[in-house]
Structure formats: C-alpha cells, structure tokens
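Have a look at the structure below, then the notes.
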Amino acid sequence: MKSIPVIFILICLNLGLTSRMEAQDLGVDLPQEGTDHVYIPPLTVVIDSAMSTNAMVRFRDLGIIGKKSNLTSYKNYWTRNIGLQADVRYGTFNNFSTSTAEGQTTSMYATNVDQTVYGIGVYVKFPLQDIVDRKNQINMANAELEQARSMAEGQRDELRQEVIQQYNDVILKKRILTIKSRNFSDSKVNMDMVEKQFRNGVVTVTEYARISDIVADIEAEYEAAKTDFITSFMILEEMAGFKFN
C-alpha cells in the first residue's frame, strides 16, 4: 500500500509535465480545440503569389529576355557591313609641286604648311558568309527563344503542381490535427473523471495507470499531428512568399 502514493505522485508529475509541453509553440498559435482560426488563403492567391516570387520562374523569364535580345541582334547583324567613316588629321604637311610653262624650264616648289586634313565617306560590304548564313542564324535564334519560352512555361507548370500538392497537404493535415485535438480534449476530460474516481477509491492503481498510458499516447499523436501541420503550413508560406496570418 505504500507504493500507491509514489505511483500517484509520478502520474501527477507526468500530467504536469505534459501540460507545460502543451504551452510550448512551434511558431503557429494553435489552440487545443482545433485550427479553425488559422487562415489559409485561396489556392489561386497562393499560386499567383508563388509565380511572382519564385526565383526559378524569374530566372526563366530573364532567359526569355536574353534570347529576344539575341534574335534582335541577329536580325540587325547585316548593318555592320554598312557604315560611315570619317578621318581628321592636323599637322605640318610638306607640299611639293612642279610647273612647266611653254618654252621654259620646269619649276619646282616645296612648301611646309600647318593645316587640318579631313575626309568622310560611306562604305558598304557584302561578305558572302553573312549573306548565306543569315537565315540559319535567325532560325537558330528563334529556336532558342522558343526553347526559353517552353522552359519558362514548364517551370510555371511544375511550380503550380507543387503548390497545389502542398496546399492540399496543409488542408489534410489541418483536418487531421482538428480530429486529434478533439480526441485529445475528450481524453483529458475522461482522465479528470478517472482521477476523481481514483482519489475516491473507485478505480484501482492498475486501471489508473492503464488509462494514463492511453491518454499519453493520444497526446503524442496530437503533438505529432500538430508538428506535421505546422511544418506543412510553413512550407506553403515559403512557397507563396508571404505570411498567411
């Protein structure tokens, strides 16, 4: 009979410890009664936000911009064969000239003059390789652009599927947590009744310990469901790029 108070004290300590554990939070405020107050935006809102904040989607979009620039460059590549050329020089120039009049000997003149010499002109070139290969270069640039667009669309499809899957996972874990929370609340009420009966001598120590183990298992299932929900909830927030609550 002396072992009864010891067992009773251990059970009370265990209940007190689990009560303190219930007060701990993993980042989302969840009551024991359920998760009805937890706000989860509509799926379309989450998808749109994920599309606008996802780094890989932005990377693919930048790839499209780059391929568009390449295509424009290839289309305008022929202009490098047409241009305007100008030349300006200043310095001292040695000028030499001859003059021969009828019946006279040839006269030669040499002068040094400081002057500015300039020239301007237009050049046009038609390299055969550029003419023959221009169509292939443009077709290749078009193909690269379409490839970049396809990869961007594929990235959006993949992200959309991931968000849908994660969103439904949150909804499922939310429902499971609500069930576990309700079950845990009911078990605590039953435990309170058993504890009163134990104190009044109606319930034996063995039965009391057995029921305590059942309640502990139910609480463990609740805590596991709570952790699963919070983890899934936070992952969805990260994918959306904003806090829901």
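Listing for the model above:
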{"read-out": "Checklist (1) in the same structural domain as S52 (by TED's automatic domain parsing); (2) under 28 Å from the mean Cα position of the chain (by Cα); (3) more than 23 Å from D61 (Cβ to Cβ); (4) in contact (Cβ under 8 Å) with a residue 24 or more places away in the chain applied to T231, failing item", "value": "(4)"}
{"read-out": "Unique match (being surrounded by fewer than 18 Cβ atoms within 10 Å (Cβ to Cβ), in contact with a Leu (Cβ under 7 Å, 6 or more places away or on another chain) and either farther than 15 Å from I47 by Cα or not polar (S, T, N, Q) (or both)) among N142, N136, N183", "value": "N142"}
{"read-out": "Candidates N54, N70 - the one that is over 30 Å from G241 (Cα atoms), modelled with pLDDT of 75 or more and surrounded by 10 or more Cβ atoms within 10 Å (Cβ to Cβ)", "value": "N70"}
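Residue-wise test of (1) of a type outside the set (V, I, T); (2) under 30 Å from A209 (Cβ atoms); (3) modelled with pLDDT under 90; (4) in the same structural domain as I40 (by TED's automatic domain parsing).
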position: S150; (1), (2), (3), (4): yes, no, no, yes
position: D157; (1), (2), (3), (4): yes, no, no, yes
position: E162; (1), (2), (3), (4): yes, no, no, yes
position: Q166; (1), (2), (3), (4): yes, no, no, yes
position: K173; (1), (2), (3), (4): yes, no, no, yes
position: D186; (1), (2), (3), (4): yes, yes, yes, yes
position: V194; (1), (2), (3), (4): no, yes, yes, yes
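The values are calculated or read from the model by the stated rules, or taken from the named source; none is laboratory data. Keep in mind it's a predicted model, so treat the numbers as computed, not measured. Counting neighbours? That spans all protein chains shown, and the Cβs are built from the backbone with ideal geometry, glycine included.
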